[in-house]
Amino acid sequence: MNGCRQDGLTQIIACRIMTTRAVVKLAALDSPSRATQQEHTFMSSSAQKKRTFVGFGFGAIQAGLFLYEAMQSQNFDRLVIAEVLPDVVASVRTAGGFFGLNIADTDLIQHLELGPIHIENPAEPEDRLRLIEAIAEAGEIATAIPSVNFYVSTGPGSLHRVLAAGLRQKTRRGGPRAVIYAAENNNHAAEILKEAVLSQIPPAERDKVRQQVQFLNTVIGKMSGVKTDAGEIDSLHLTPMTPDSRRAFLVEAFNHILITQIEFDARPHLSPYRRGIEVFAEKPDLLPFEEAKLYGHNAVHALAAYLGAMHRRQFIADLRQDAAAMAFLRDAFIEEAGQALVRKYAGSDPLFTPEGFGAYAEDLLERMTNPLLRDSIARVGRDPARKLGWNDRLVGTMRLALRQGITPCRFAVGTAAALATLDPSTLRHGERGHQVLANLWQEAAPAPAEAAQVWRHIDAGRDMLCQWQRTGEWFKKSRNSFSPSVCAEQHASRPTG
């Protein structure tokens, strides 16, 4: 145990191994904040009782949240990851199962090397068998893949088939009870995953699986990303995923993650279930917090991206120096999304009070615009068609506000900006915007009267956006009143298209 130490920010794991792998150094960060970087090496521990963690997907959330917290807990001695990209699997294996992680705090970036992990490609038969075996022994499992749409794919390596095979093996051999964290950005991810997995389990075995496993929704407000630009990686002095990799994981330090409350039936011969990843907070009703994430956090993040793009900004952090922009985002967060959520969920939790939500908004705005995250407007604003969905973060927030008697004037401007990002001609032709939105909302089949009401507000937001473009006075006159339409006059001499 000699030579091991504990750092004030993080705890170094597995001291008996640390003596040969530890790296601790300080360096100046060549960035606007001149932040201090700290580099440490972390290793998974040798716990008294073996516990296994299995993760699907090896992106920033899997690496920077689930694996990091699993190692921090010192409750696991086996960490197994399923990843479908052959080059990533090969790279991590070449590095001996170790990987780099960068954690941005308010004034510094921590550089860590974590491991070892076992990484398997479910498309490869031998890897898949090892993965199924790990699932059978796992007490905690996390899916952190790009979308719930990837739960099901063709072939035996599909996530839902591999997970089903592992859970069947778990029940047959009496393996440990397990929870499955569904980390995809969908309020019903756990239910979607559970249905897909159970479809691959014979009906006679399903009750046993349900007794052994719980699928949990999550509210993950942790901002993260995978950096692939070599210049950006170099300028931030980021530690790459592996020495031969062209990608780097960068996540924020925030780790207040909410999950569905775990409720295994009590059994006389079994001890109560205890999570190995202890930092997550369980909630008996996660829906209010899921809506606060989608219609608060995600909505304002999108608002910042689309308006920032129209204002020709490159990074979300660029808005931090613009007092008018920050005031606009703060008002949208607190006066529109916040008031609507507080009215809807009053009395359910301290978050849903004016004081609680105000503090939540201020904290998130500070974190969103953290320059050390280097969060690009292009990344946050990608896939505007999905984000303009009837139930998604922009239109969904407008509808929530309207149902609570609040005029969503700022979100209307942001929605018009998102629409212009998707189809620039919508700024010149309001009817074109209606057509685009009607197509996007077709599957949701909204009531005509409600759709018309939302359109009217988006049209007003479009007018304000056009006025900003014409005058150059961005983020002005944002208080519940819009100027008359100026777009027709502004673009009268411009060609269509």
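The values are calculated or read from the model by the stated rules, or taken from the named source; none is laboratory data. Not measured: the values here are computed from a predicted model. Note that we place each Cβ from the backbone using ideal geometry, even for glycine, and neighbour counts take in every protein chain shown.
For (1) among the aliphatic types (A, V, I, L, M); (2) farther than 23 Å from Arg367 by Cβ, each residue gets a yes or a no:
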| site | (1), (2) |
| --- | --- |
| Arg246 | no, yes |
| Ile257 | yes, no |
| Ile262 | yes, yes |
| Leu270 | yes, yes |
| Tyr273 | no, yes |
| Ile277 | yes, no |
| Pro288 | no, no |
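Looking at the stretch 76-98 only, could you name the residues that are under 23 Å from Arg275 (Cβ atoms) and crowded, with 20+ Cβ neighbours inside 10 Å? Answer for the stretch 76-98, where residues must be under 23 Å from Arg275 (Cβ atoms) and crowded, with 20+ Cβ neighbours inside 10 Å: Phe76, Leu79, Val80, Ile81, Ala82. Annotation: of all residues in the stretch 174-213 being touching a His at 6+ places or on another chain (Cβ under 7 Å) and in a helix (DSSP H, G or I), the one that is surrounded by the most Cβ atoms within 10 Å (Cβ to Cβ) is Val197.
Residues that are touching a residue at least 40 places away in the same chain (Cβ under 8 Å) and of a type in the set (A, V, I, L, M, F, W, C) within the stretch 165-179 comprise Leu167, Ala178, Val179, listed in sequence order.
Annotation: Leu373 fulfils all but one of (1) under 30 Å from His237 (Cα atoms); (2) in contact with a Leu (Cβ under 6 Å, 6 or more places away or on another chain); the unmet one is (2). Go through the stretch 344-388 residue by residue and tally those that are farther than 24 Å from Val251 by Cα and aromatic (Phe, Trp, Tyr). Qualifying residue count for the region: 2.
So that you can scan it fast, the table gives a plain yes or no per residue for (1) surrounded by 23 or more Cβ atoms within 10 Å (Cβ to Cβ); (2) in contact (Cβ under 8 Å) with a residue 40 or more places away in the chain; (3) under 26 Å from Gln212 (Cβ atoms); (4) not assigned by TED's automatic domain parsing to the domain that holds Glu278:
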{"site": "Glu113", "(1), (2), (3), (4)": "no, yes, no, no"}
{"site": "Pro125", "(1), (2), (3), (4)": "no, no, yes, no"}
{"site": "Glu137", "(1), (2), (3), (4)": "no, yes, yes, no"}
{"site": "Thr143", "(1), (2), (3), (4)": "yes, yes, yes, no"}
{"site": "Thr154", "(1), (2), (3), (4)": "no, no, no, no"}
{"site": "Leu163", "(1), (2), (3), (4)": "yes, yes, yes, no"}
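Pairing each residue of the stretch 327-350 that is outside the structural domain of Ala412 (by TED's automatic domain parsing) with any residue that is at pLDDT below 95 and crowded, with 22+ Cβ neighbours inside 10 Å, provided the two are 6+ apart or on different chains, yields no C-beta distance under 6 Å. Taking the stretch 82-146 and the strands (runs of 3 or more DSSP E) fully enclosed by it, the elements with 1 or more residues that are within 18 Å of Lys227 (Cα to Cα) and over 21 Å from the mean Cα position of the chain (by Cα) are at 108-114.
Remark: pairs (first residue in the stretch 355-383, touching a residue at least 60 places away in the same chain (Cβ under 8 Å); second residue among the hydroxyl-bearing types (Ser, Thr, Tyr) and surrounded by 15 or more Cβ atoms within 10 Å (Cβ to Cβ); Cβ separation under 8 Å; 6+ apart in sequence or on different chains) = Pro371/Ser31; Leu372/Ser31; Gly381/Tyr306; Gly381/Thr421.
For first residues located in the stretch 75-90 and in the same structural domain as Tyr181 (by TED's automatic domain parsing), partners that are acidic (Asp, Glu) and outside any helix (DSSP H, G or I) and lie 6+ apart or on another chain with Cβ distances below 7 Å form the pairs Val80/Glu120; Ala82/Glu120; Val89/Glu83. When restricted to residues that are of a type in the set (Lys, Arg), modelled with pLDDT under 95 and assigned to a helix (DSSP H, G or I), the stretch 454-478 contains 1. For the stretch 332-343, a residue qualifies if it is buried (at least 19 other Cβ atoms within 10 Å of the Cβ) and over 29 Å from Leu250 (Cα atoms), and the qualifying residues are Glu335, Glu336, Ala340, Leu341, Val342.
Comparison of Ala309, Ala327, Ala248, Ala323 shows that the only residue that is closer than 30 Å to Ala420 by Cα and either buried (at least 19 other Cβ atoms within 10 Å of the Cβ) or hydroxyl-bearing (Ser, Thr, Tyr) (or both) is Ala309. Checked against the criteria, Ala281 counts as exposed (fewer than 14 other Cβ atoms within 10 Å of the Cβ) and either in contact (Cβ under 8 Å) with a residue 60 or more places away in the chain or of a type in the set (A, V, I, L, M) (or both). Scoring Val486 on the criteria (1) surrounded by 15 or more Cβ atoms within 10 Å (Cβ to Cβ); (2) at pLDDT 95 or above; (3) not small (Gly, Ala, Ser) leaves a single failure, condition (2).
Out of Ala452, Ala416, one residue alone is within 25 Å of the chain's Cα centre (by Cα) and of a type in the set (A, V, I, L, M). It is Ala416. For the stretch 223-276, a residue qualifies if it is among the hydrophobic types (A, V, I, L, M, F, W, C), farther than 26 Å from Leu85 by Cα, under 14 Å from the mean Cα position of the chain (by Cα) and assigned to a loop (DSSP other than H, G, I, E, B), and the qualifying residues are Ala253, Phe254, Ile257.
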